[in-house]
1. Using a 1.4 Å probe on the protein heavy atoms, what percent of the accessible area of the range 64-108 belongs to carbon and sulfur?
2. Report the trypsin sites (Lys or Arg not before Pro) located in the range 13-95 that are in a DSSP loop and have at most 10 other Cβ atoms inside 10 Å of their Cβ, or state none.
3. Please list 136-143, 50-57 highest first by mean number of surrounding beta-carbon atoms within 10 Å per residue.
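The values are calculated or read from the model by the stated rules, or taken from the named source; none is laboratory data. Nothing here was measured: the structure is a model prediction, and the numbers come from that model. So basically every Cβ, Gly included, is an ideal-geometry build from the backbone, and we count neighbours across all protein chains shown. The area values use the complete protein model at the heavy-atom level, side chains included, leaving out ligands, DNA and RNA. Shrake-Rupley method; radii C 1.70, N 1.55, O 1.52, S 1.80 Å.
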Amino acid sequence: MENFTTPDGRKWELTFSDEFEGTELDLTKWERGPQVRRQNAGGYWDDAHSYLDGEGHLVLKASLREDGRPLSGAIRSVGKFEQTYGYFEARMILPKTTGYWGAFWILCRGMGKGIPSAKAGVEIDIVESGECLRKGVNHAIHWG
């Protein structure tokens, strides 16, 4: 969809899209999540767990390390596409196992960097399934 009109008559213009076609992630739009330890459940992001399946799907795989800690794929557009306002959507299948953190977030660069909250911006968790899966999905706004 190139452009669309909202029910109240406002016009929205498409500014970013990826249908994840092919077998290689478009690195002009995305980077894989940094290979670091995640804050929750002692898991880790892992580059090899983020790939395209050649059928129009981005796969963010989840598995366990030998020590039993979760590994997960992640991608982000920081430094490549950043937008303050708009309409954001994704079609996703979330993991069903507790500890694997399926999520769609909008995150400002300043979050978690010790910047005063008014300048750091916010993290908007549009949907995430992680530890809260047994209760459904979670939506949140974090700042500071």
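1. Working: 1700 of 3280 Å².
Here it works out to 52 percent.
2. Numbers: sites: 29, 32, 37, 38, 61, 65, 76, 80, 91; in loops: 29, 38, 61, 65, 80, 91.
Sites meeting the loop and neighbour criteria: 91.
3. Working: 136-143: 12.1, 50-57: 13.9.
Put in order of decreasing packing, that is 50-57, 136-143.
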